[in-house]
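For reference, the structure is listed below as structure tokens.
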Amino acid sequence: MAKLNLWDTHAHLDDVQFDKDRDELIPQLGETLAGIINPAVDLESCEKIMRLTEQYPFIYAAVGWHPENLKGIPHDFEDKIAHWAQNPKVVAVGEIGLDYYWLENEPPEVQKKILLKQLDLCKQLNLPFIFHDREAHGDTMEIFQKEITGVRGVFHCYSGSAEMAKELVKLGWYVSFSGSLTFKNAVKTVEAAAVVPLDRLLIETDCPYLAPHPHRGERNDSSLMHFTAE
């Protein structure tokens, strides 16, 4: 495939699903894509991603704790994020957010407490956030409307309504869509994407998850970006 002027703004190339062929796959991705941003989810992934950024010039990192990975979070997690953020290849704090879908996740109050600390770090470090919102739209909007201002960032793998997307754009943020945009039943997602101005719209793979049609159900990777872009 010819070189594409596309960025995969959200990939998890550190995931265990890439352990067998990561060293072969990533150089191929560098031949076709302009760049890749790889967000972290916990301590181990932060460390793995930082090594990937050293190895590959087109890979950039976001560092932070995902709402599904808050059990056992280090007491000094803020210091760790601040330390990694000194590296110029760290371009965001993430993947952070709220996830009320899985019952085994930490309770909402714990999630919100840690989220607010990571959003405060965005201010201190002058970095944008990469936000994960699953089944938590109400609390998400309340936090950004009432408790946290002056931050910038992107709502990744957007799954909310067109009305919420309009509000996010109005508040100054970006909205990112994954391969799920290509699914035949993605009526709500297509409606949301249609109201986001092109200068606020990002695309991503969220690989190894959410492979676009016609590869739905397969392991996703950044080489499939063009299906979502089309």
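If a residue must be part of a loop (DSSP other than H, G, I, E, B), in contact with a strand residue (DSSP E or B) (Cβ under 9 Å, 6 or more places away or on another chain), over 18 Å from LYS113 (Cβ atoms) and of a type outside the set (D, E, K, R), how many such residues does segment 140-165 contain?
5
Can you tell me which residues in segment 53-78 are open to solvent by 10 Å² or more (accessible area, probe 1.4 Å), part of a loop (DSSP other than H, G, I, E, B) and either in contact with a strand residue (DSSP E or B) (Cβ under 6 Å, 6 or more places away or on another chain) or among the charged types (D, E, K, R) (or both)?
PHE58, HIS66, LYS71, ASP76
Of all residues in segment 158-178, which are surrounded by 21 or more Cβ atoms within 10 Å (Cβ to Cβ) and more than 12 Å from ALA193 (Cβ to Cβ)?
Across segment 158-178, the qualifying residues are LEU168, TYR174.
Are any of the residues in segment 98-108 surrounded by 13 or more Cβ atoms within 10 Å (Cβ to Cβ), closer than 18 Å to VAL154 by Cα and of a type outside the set (S, T, N, Q)? It would help to see each step written out before you state the result.
Quick first cut of segment 98-108, residues surrounded by 13 or more Cβ atoms within 10 Å (Cβ to Cβ) only: 98-100, 105-106, 108.
Within this subset, residues satisfying the condition of being closer than 18 Å to VAL154 by Cα are 98-99.
Filter once more, so that each one left must be of a type outside the set (S, T, N, Q): 98-99.
Within segment 98-108, one or more residues are surrounded by 13 or more Cβ atoms within 10 Å (Cβ to Cβ), closer than 18 Å to VAL154 by Cα and of a type outside the set (S, T, N, Q).
Residue by residue through segment 1-52, note down the ones that are open to solvent by 10 Å² or more (accessible area, probe 1.4 Å), in contact (Cβ under 8 Å) with a residue 24 or more places away in the chain and closer than 12 Å to ASP221 by Cβ.
Answer for segment 1-52, where residues must be open to solvent by 10 Å² or more (accessible area, probe 1.4 Å), in contact (Cβ under 8 Å) with a residue 24 or more places away in the chain and closer than 12 Å to ASP221 by Cβ: HIS12, ASP15, GLN17, LEU25, GLN28, THR32.
Which number in (1) surrounded by fewer than 22 Cβ atoms within 10 Å (Cβ to Cβ); (2) under 23 Å from ALA162 (Cβ atoms) marks the one condition that HIS132 misses?
(1)
Would it be correct to say that GLN124 is open to solvent by 50 Å² or more (accessible area, probe 1.4 Å), outside any strand (DSSP E or B) and not acidic (Asp, Glu)?
yes
From the list ILE73, ILE26, ILE37, pick out the single residue that is of a type in the set (Val, Ile, Thr), under 23 Å from HIS226 (Cβ atoms), modelled with pLDDT of 95 or more and more than 17 Å from the chain's Cα centre (by Cα). Spell out how you get there, then give the answer.
On the way: ILE73 fails: under 23 Å from HIS226 (Cβ atoms); ILE37 fails: more than 17 Å from the chain's Cα centre (by Cα).
Within the list ILE73, ILE26, ILE37, the selection yields ILE26.
What residue, among those in segment 216-226 that are of a type outside the set (Asp, Glu) and open to solvent by 50 Å² or more (accessible area, probe 1.4 Å), is nearest to SER178 (Cα to Cα)? Steps first, please.
Applying the first criterion (of a type outside the set (Asp, Glu)) to segment 216-226 yields 216-217, 219-220, 222-226.
Filter once more, so that each one left must be open to solvent by 50 Å² or more (accessible area, probe 1.4 Å): 216-217, 219.
Values: ARG216: 12, GLY217: 14, ARG219: 14 Å.
Filtering first and then ranking leaves ARG216.
Pairs please, first residue from segment 206-230 and over 18 Å from ILE36 (Cα atoms), second anywhere and assigned to a loop (DSSP other than H, G, I, E, B) and open to solvent by 10 Å² or more (accessible area, probe 1.4 Å), Cβ atoms under 8 Å, 6+ apart in sequence or on different chains.
HIS213/PHE183; HIS213/LYS184; ARG216/PHE183
Considering each of LEU224, LEU168, LEU181 in turn, give the residue that is in a helix (DSSP H, G or I) and in contact with a Cys (Cβ under 9 Å, 6 or more places away or on another chain).
It is LEU224.
Got a number for residues in segment 181-198 being under 20 Å from the mean Cα position of the chain (by Cα) and open to solvent by less than 70 Å² (accessible area, probe 1.4 Å)?
Total meeting the criteria: 9.
Of all residues in segment 79-119, how many are modelled with pLDDT of 95 or more and either among the aliphatic types (A, V, I, L, M) or part of a helix (DSSP H, G or I) (or both)?
The total comes to 25.
The values are calculated or read from the model by the stated rules, or taken from the named source; none is laboratory data. These figures come from a predicted structure and were not determined experimentally. A quick note on method: Cβ atoms are made from the backbone with ideal geometry, for glycine too, and the neighbour counts reach across all protein chains shown. To get the accessible areas, we keep the full protein, side chains included, count just its heavy atoms, and leave off ligands, DNA and RNA. Shrake-Rupley method; radii C 1.70, N 1.55, O 1.52, S 1.80 Å.
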